[in-house]
Amino acid sequence: MSAYIAFTRKKTLDQGELDAYAKEAQATVAGHEVKILASYGSHEDLEGARTEDRVVLEFPSMAVAKAWYDSPLRP
């Protein structure tokens, strides 16, 4: 069964820090079974607090998702 990890960004405080993080984060998916379903771009918050952006990752299983999430390479 597929597993998903979703990240939301509420407000950018330091664009330089976000750019550095994004560069590191992209490298962490190399070699992992992951499909990026949503990454930045246009979105609409239908409920809850407003967010600037979101990323949704799909993994083939919870074990694979946890292996990526617990990886020492993930920022």
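Taken together, the values in this text are just the output of simple stated rules run on the coordinates, not laboratory data. Worth saying up front: this structure is predicted, and the values here are computed from it rather than measured. Glycine gets a Cβ as well: all are built from the backbone with ideal geometry, and neighbour counts include every protein chain shown.
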Legend entry - Residue of Leu18, Leu46, Leu57 that the Gaussian network model of the chain assigns the largest fluctuation, springs spanning Cα pairs under 10 Å: Leu46
Legend entry - Electrostatic dipole magnitude of the range 3-69 [Cβ: Lys, Arg +1; Asp, Glu -1; Cα centre; debye, to 20]: 140 debye
Inset, instruction - Could you pull out which residues in the range 1-19 have an amide N less than 16 Å from a spot 7 Å beyond the Cα of Asp53, following the Cα-Cβ vector? - result: 6-19
Inset, instruction - Give the order of Tyr69, Tyr40 when sorted by the count of other beta carbons within 10 angstrom, beginning with the fewest. - result: Tyr40, Tyr69
Legend entry - Whole-Å distance, taken between Cα centres, linking the range 48-63 and the range 31-46: 7 Å
Inset, instruction - Per DSSP H run of n ≥ 4, the term is -39500 (n - 2.57); total these for the chain, divide by its residue number, and report the mean residue ellipticity at 222 nm rounded to 500 deg cm²/dmol. - result: -9000 deg cm²/dmol
Inset, instruction - Would you please give the residues with an amide H less than 5 Å from that of Ala3, counting only those at least 5 places away or on a separate chain, with H modeled from the backbone geometry? - result: Phe59, Ser61
Inset, instruction - Give the range of the longest stretch in the chain that excludes all GluC sites (Glu not before Pro) found in loop regions by DSSP and having at most 15 other beta-carbon atoms within 10 Å. - result: 1-32
Legend entry - Cross-link reach list, lysines versus Lys66, counting only Cα pairs under 22 Å and skipping chain neighbours closer than eight places: Lys23, Lys35
Legend entry - DSSP loop trypsin sites (Lys or Arg not before Pro) with at most 15 other Cβ within 10 Å: longest gap in the chain: 12-49
